[in-house]
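Asker: Handing you this structure, nothing more for now.
The values are calculated or read from the model by the stated rules, or taken from the named source; none is laboratory data. Since the model is a prediction, treat every value here as computed from it, not as a measurement. Here the Cβ positions follow ideal geometry from the backbone for every residue, glycine too, while neighbour counts run over all protein chains shown.
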Amino acid sequence: MKTPSSGKLFLLAGTFLVAGLVALGASLVRSPAEMQLARLDDRRVSDLREINRAVHQYYRRYDELPRSLDQLPSATPQRGEMVDPITGERYAYQITGDLDFNLCAKFDLADSGRRGDYPHFYDTDLGVDWRHDAGPFCYALTVRERDPE
C-alpha cells in the first residue's frame, strides 16, 4: 500500500482550511435583505428610545406617566415616531406601575448586541439595554423620579 506524500497531505489540509474559512465568512456576512431588516429594527429601537425619553420628560413635568402616547407633545423632538416604519401599527405602550411602563414593537431579527453597525445598545443616561429578540418584544422601563445630581 502506498502512503500519500507530504505534498498531497499539505494540499488536502489547505483545501479543507480554505473551505472552512469560506464557510465561516459566508456565515458572518449578512445578505442585503438581512441588512435592510437590521436597519428597520434599528429604526424601531431609535423610535422607542425617543418615546422613552419623551415619557421621562412628561413625568418630570406632570409628575405622572402619560395615560397614552397621544399625551406626549407632538412638537417635542424626543417624541419619536409612534408607528412601525413598515406596518404602520402603533408601538404598544402600557403602564405597569407608578413609575413603570412597557414599550413594545415587533422586530424582524434578534439583536444580541453582536452587530457592529448599531451604535448604542445601552443608554447610559437612562440605564436601558436596547437589545431584543426577534418577533414581538417589550422593554420593561422605569422612570427615575429625579435625575441624579
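Asker: Can you find a residue in the range 18-30 that is closer than 20 Å to Gly135 by Cβ and modelled with pLDDT of 90 or more? Quick ask: steps written out before the conclusion?
Answerer: Restricting attention to the range 18-30, the residues satisfying the condition of being closer than 20 Å to Gly135 by Cβ are 30.
Then drop every residue that is not modelled with pLDDT of 90 or more, which leaves none.
Checked the range 18-30: no residue is closer than 20 Å to Gly135 by Cβ and modelled with pLDDT of 90 or more.
Asker: Met35 fails exactly one of the following numbered conditions: (1) within 26 Å of Ala105 (Cβ to Cβ); (2) in a loop (DSSP other than H, G, I, E, B); (3) modelled with pLDDT under 90. What is the number of that condition?
Answerer: Of everything listed in (1) within 26 Å of Ala105 (Cβ to Cβ); (2) in a loop (DSSP other than H, G, I, E, B); (3) modelled with pLDDT under 90, Met35 misses just condition (2).
Asker: Could you check the range 109-138 and list, in sequence order, the residues that are surrounded by 14 or more Cβ atoms within 10 Å (Cβ to Cβ) and at pLDDT 95 or above?
Answerer: Phe137, Cys138
Asker: Does Thr87 meet the test of being within 19 Å of Ala134 (Cβ to Cβ), among the polar types (S, T, N, Q) and modelled with pLDDT of 80 or more?
Answerer: Numbers: within 19 Å of Ala134 (Cβ to Cβ): yes; among the polar types (S, T, N, Q): yes; modelled with pLDDT of 80 or more: yes.
Against the criterion (within 19 Å of Ala134 (Cβ to Cβ), among the polar types (S, T, N, Q) and modelled with pLDDT of 80 or more), Thr87 qualifies.
Asker: Mind checking which residues of the range 91-113 are part of a strand (DSSP E or B) and closer than 14 Å to Arg43 by Cα?
Answerer: From the range 91-113, those part of a strand (DSSP E or B) are 92-95, 100-107, 111; that's our starting set.
Across the range 91-113, the qualifying residues are Cys104, Ala105, Lys106, Phe107, Asp111.
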